[in-house]
1. Any idea of residue 21's accessible area? Nearest 10 Å², probe 1.4 Å.
2. Quick check: residue separation of residue 188 and residue 40 times 0.36 nm, minus the Cα distance between them. What number comes out in nm?
3. For n ≥ 4 DSSP H runs only, could you compute -39500 (n - 2.57) per run for the chain, divide by its residues and tell me the 222 nm figure to the nearest 500?
4. I'd like to check one number: the per residue accessible area of the chain, probe 1.4 Å, reported in Å² as a whole number.
5. Summarise the accessible area of segment 61-193 (1.4 Å probe, protein heavy atoms) by the percent that is carbon and sulfur.
6. In what sequence, highest mean first, do 98-105, 113-120 appear when ranked by Cβ atoms within 10 angstrom?
7. Once phi is turned into θ = phi - 60°, what whole-Hz ³J(HN,Hα) does the Karplus curve with 6.51, -1.76 and 1.60 give for every residue of segment 23-29, x standing for Gly and Pro?
8. Could you compute the FRET efficiency for residue 94 and residue 129, with r as their C-beta to C-beta distance and R0 at 30 Å, rounded to 0.05?
Amino acid sequence: MRLILLGPPGAGKGTQARRLVERHGIVQLSTGDMLRAAVKAGTPVGRKAKDIMERGELCPDDLVCAIVADRIEEPDAAHGFILDGFPRTVPQAEALEQTLEAKGLKLDAVIELKVDEEKLLHRIEKRIAETKARGESVRADDNAEALKKRLHAYRVQTAPLIEYYAKKGSLRTLNGMASIPEVGRAIDAILAR
Ligand code: ADP
């Protein structure tokens, strides 16, 4: 099974992806997580990505596409994967299509989590408070200023993918404001078709 989860920051992509990983034994490929790991490890990719991510802007397409193309080659991705946070621009979607085509692979679905943008700030504030309560460090881009930029990047650079995948007939849109289990059931219903 190969899926894309689309939606703005705070839409619940990561939460649903982790649930799908448990239920279907496929891997979650979160470009955000991969980039954060690269930043932490101080790799050349991480050094390029650090400041861009902290500002809440998008990293260059070629850099992100190369990471994903390599990651899809790993043996644990052979049974399928959920792309969380990728593609985020039309050129990334086109690159993904080429990568998959070269391997004879197809996407099963592109699932959009549609959310009320005014509620997103509140959700992210909650995530920050919960992270702090667990004694973990807060993401460098989980602050009001970077979040504003992340939402702007979503609207301008990522939202066009909704139209892109709708035209291809692979888009399924769900209400991301429903509860976590409800969204999970709606995703399962799509996948069972
Ligand atoms: P969010 O919670 O905003 O969806 P992510 O963890 O997916 O956050 O991504 C955090 C940051 O990592 C982004 O703001 C961006 O700088 C970078 N990033 C992640 N995925 C991509 C991508 N596909 N293309 C470009 N930049 C990316």
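The values are calculated or read from the model by the stated rules, or taken from the named source; none is laboratory data. Not measured: the values here are computed from a predicted model. All Cβ positions, glycine included, derive from the backbone under ideal geometry; neighbour counts span all protein chains shown. The protein model used for the area step is the full one, side chains on, heavy atoms only, and it has no ligands, DNA or RNA in it. Shrake-Rupley method; radii C 1.70, N 1.55, O 1.52, S 1.80 Å.
1. In the full protein context, residue 21 sits at about 50 Å².
2. Details: separation 148, 0.36 × 148 = 53.28 nm, distance 3.42 nm.
My answer for the length gained is 49.9 nm.
3. Working: 9 runs with 110 residues, N = 193.
Taken over the chain, the calculation gives -18000 deg cm²/dmol.
4. On the way: 10450 Å² over 193 residues.
So the chain comes to 54 Å² accessible per residue, rounded to a whole number.
5. Details: 4000 of 7670 Å².
Roughly 52 percent, rounded to a whole number.
6. Numbers: 98-105: 11.1, 113-120: 15.1.
With the highest mean Cβ count within 10 Å placed first, the list reads 113-120, 98-105.
7. Karplus-based 3J(HN,Hα) across segment 23-29 equals 6, 10, x, 10, 9, 9, 10 Hz.
8. Numbers: r = 39 Å, r/R0 = 1.29.
Calculated transfer efficiency: 0.20.
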